[in-house]
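Rule-based calculations on the coordinates, nothing more; no lab input. Computed from a predicted model, the values in this text were never measured in an experiment. Positions of Cβ are backbone-derived with ideal geometry, glycine not excepted, and every protein chain shown enters the neighbour counts.
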Amino acid sequence: MRLLPMPKGRGIRRITTVMKIKLTIPSKEMKPQAMAFRQEFIDAKEAGIPGSRDLMGFESYGEWLDSLKPKIAEETPSITFFAFRQPDGVLVGSASIRMSLTKETLEDGHVELSIRPSQRNKGYGSEVLRQVLDRARELGIMEVFASCGKKNRPAAKIMKKNGMERNGMKNGNLSGLIIIYSKDV
């Protein structure tokens, strides 16, 4: 982003560049980037990486990749993506879409995402969510639910920016009070 002076001393205006993000299904070739992405969350002492299907919980990238495939028919199918900044190919985030919701997954919603700590507050979260909502629509999900902790203002801002509306609040199992958002796509 560049800052330019406004004409006749009217302050400063922002010139933003259009960011390009590419959502990609994780593969073996992405291991070095994925493990560096994971390590950044560990170094930041974060509890997990939402939207990564528990990448932090696996020591082996190969085991994590295998875990992305549903093991039993009753498991809720989901799709996990890495978000790469273009054209430099930096892994800036992860996201997942649940194809349907169960009683156990209703609190989390259809969509989860996270942006690596060093890349936050740059607009990537909004762009990743926009693309994930488009993918959800392509997959036939007509109303998308997502949630965030009551104190997670950046996540709430990203959801609102993408047209999601506050749908309710409830006590979360682990995270205290959560706010539920939804959007017809």
Among [x] 9, 27, 22, 17, 14, 9, 1; [y] 9, 35, 36, 15, 5, 1, 0; [z] 9, 32, 29, 14, 9, 5, 1, 0, which one is P(r) over Cα pairs in 10 Å bins from 0, in percent computed from these coordinates?
-> [y]
Add -39500 (n - 2.57) for each DSSP H run of 4 or more in the chain, then divide by its residues: what number comes out at 222 nm, to the nearest 500 deg cm²/dmol?
-> -7000 deg cm²/dmol
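With charges set only on the Cβ (+1 for Lys and Arg, -1 for Asp and Glu), what does the dipole of the chain come to about its Cα centre, in debye to the nearest 20? Could the numbers behind the result be given before it?
Details: 32 positive and 21 negative charges, 283 e Å.
Charge dipole, the chain, about its Cα centre: 1360 debye, nearest 20.
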In the stretch 20-88, which GluC sites (Glu not before Pro) are in a loop and have at most 16 other Cβ atoms within 10 Å, using DSSP for the loop call?
-> E46, E59, E74, E75
GNM top mover of P154, P32, P77 - the chain, alpha-carbon springs below 10 Å = P32
Which ordering of F81, F58 is given by a fewest-first count of other beta-carbon atoms within 10 Å?
-> F58, F81
Which of K20/K45; K69/K183; K157/K183; K103/K161; K20/K69; K103/K157 exceed 19 Å between C-alpha atoms? The answer is K20/K45; K69/K183; K103/K161; K20/K69; K103/K157
